[in-house]
Each structure stands twice: as structure tokens, then as C-alpha cells.
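Single-structure report; data block below.
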Amino acid sequence: MGSKLATWHGMRIFIIFALALMLFLCRPAARTANAQTQKPSLPDPVKFLNKYEHVANTVREVLLDMGFRIELDDRKSGRIVTRPYEFITGSLTASELDKVAVRRDTITGNWLKAQYSAEVLLEIISPTETMVTVQTTIEALNRDVDGTEKWIRLESIGTFERRILGKISAKLLGRETPPEERKGFWGKSPQPVDPRRPRFPTVPGK
């Protein structure tokens, strides 16, 4: 009888250990699955019942009001492009990136800071109709385990695009609202990136 109890006790310990091991091994998979649920959802182009030049002027005004610096304003080709600016730096970079972009699990190291630039495309549909498309380029500075740093381009999930397009729509439709109190990183004014700053990989300490 004693040997049977000992055997049963040993089996219980083994089963508990096996279940604990399975739960531990499943945790990374669960985190990966959760990370993969963050998928790109870019906004569709919007057609406005306004003349091309009026829409282009409004787009430029909105971008400047948001704190961007215009790098290219090509009305003939229908492109308005901004310079990149940093929207996050420091220990919260990784978590803030997850709100606006898809981070690949294969990339290791530490995320130091991130920046993005906007490109607005304008297309004449008719003399009184203009199509507007908003695209962004998101880049983040990553420091690998060996100390090397490099800028990595990430896929946008549409957060910035919807924000910019929403402000353009509100201004063209006359539905602007008073600015709310700014809080946290998302409420800070954009910090322009110094164009003289080297964008190539650098070694810390040099």
C-alpha cells in the first residue's frame, strides 16, 4: 500500500512539473501571437470637393501647424514631403513604436529613438475634386548587442496617417476643434531632426 501511495505521489509531482513546463514554454509563443495581431491598417485615400490648389495649400498649412518642416512641395507632381522628426526617445521607445509600427521579432538589441516623415499625394480628379493620400516613413535607431547602431525602417500600422488625414479633412470641411490639453509623449510638439546629424551606424563613445 505504501509503495502505491509513493508511486501515485511521484506521478502527481511529475504531472504538475510537466504542466508547469508546458505553461512556461507557451509564454513566448503567446507573446509572439499577441505581437502579430498588430497589423497595418492604412487609411484609404479621401476625395475632397475642393480645387487642387486649395487642397494643396490646406495640406501644407496643416503640416506646418502640426510642427513639421516641409522638405519638398512639388505641386506639378502632386507631392508634399516633410523632414523627419523624433517622436520618442529613451526607454519607452519600444513600447511607443508598438503603437504606430510593426516591429519584427527577428531584430534584437535596444531601441533608442524613433522618427517619422510624412508624404501627402494629391491627384486632380476633376476641376473641383481632389484626391488626397497620406503616407509615412517610420524609422527607429537600434543598438545591437555588439554596440553597433543603425536606423531600421518599420512598417506603419496607419496611426500617423489617420491623424494627419483627419486634420486635413477637419480643416477642409470646417470642423476644426480647439486643441485639447497635451499630455505625455503624444502631446509633445514635434522635435525636428538636425539634417547635419549622421544617419549612418555609429559606435558608442566615438
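Considering the conditions (1) buried (at least 19 other Cβ atoms within 10 Å of the Cβ); (2) in contact with a Leu (Cβ under 6 Å, 6 or more places away or on another chain), LEU63 is excluded by exactly one of them, (2). Here the condition is being at pLDDT 75 or above and either over 22 Å from the mean Cα position of the chain (by Cα) or hydroxyl-bearing (Ser, Thr, Tyr) (or both); of ILE157, ILE168, ILE125, it holds for ILE125 alone. Those strands (runs of 3 or more DSSP E) of the range 1-99 in which at least 1 residues are at pLDDT 55 or above, over 24 Å from the mean Cα position of the chain (by Cα) and not aliphatic (A, V, I, L, M), considering only elements entirely within it, cover 46-48, 70-74. The residue of the range 171-187 that is nearest to ASN50 (Cα to Cα), among those that are surrounded by 11 or more Cβ atoms within 10 Å (Cβ to Cβ) and modelled with pLDDT of 50 or more, is LEU172. Residues considered: ILE88, ILE80, ILE124, ILE138. Of these, the only one that is crowded, with 16+ Cβ neighbours inside 10 Å, of a type in the set (A, V, I, L, M, F, W, C), closer than 30 Å to HIS54 by Cα and touching a Phe, Trp or Tyr at 6+ places or on another chain (Cβ under 6 Å) is ILE138.
The values are calculated or read from the model by the stated rules, or taken from the named source; none is laboratory data. Keep in mind it's a predicted model, so treat the numbers as computed, not measured. Don't worry about glycine lacking a Cβ; one is built from the backbone with ideal geometry, like all the others, and counts go over all protein chains shown.
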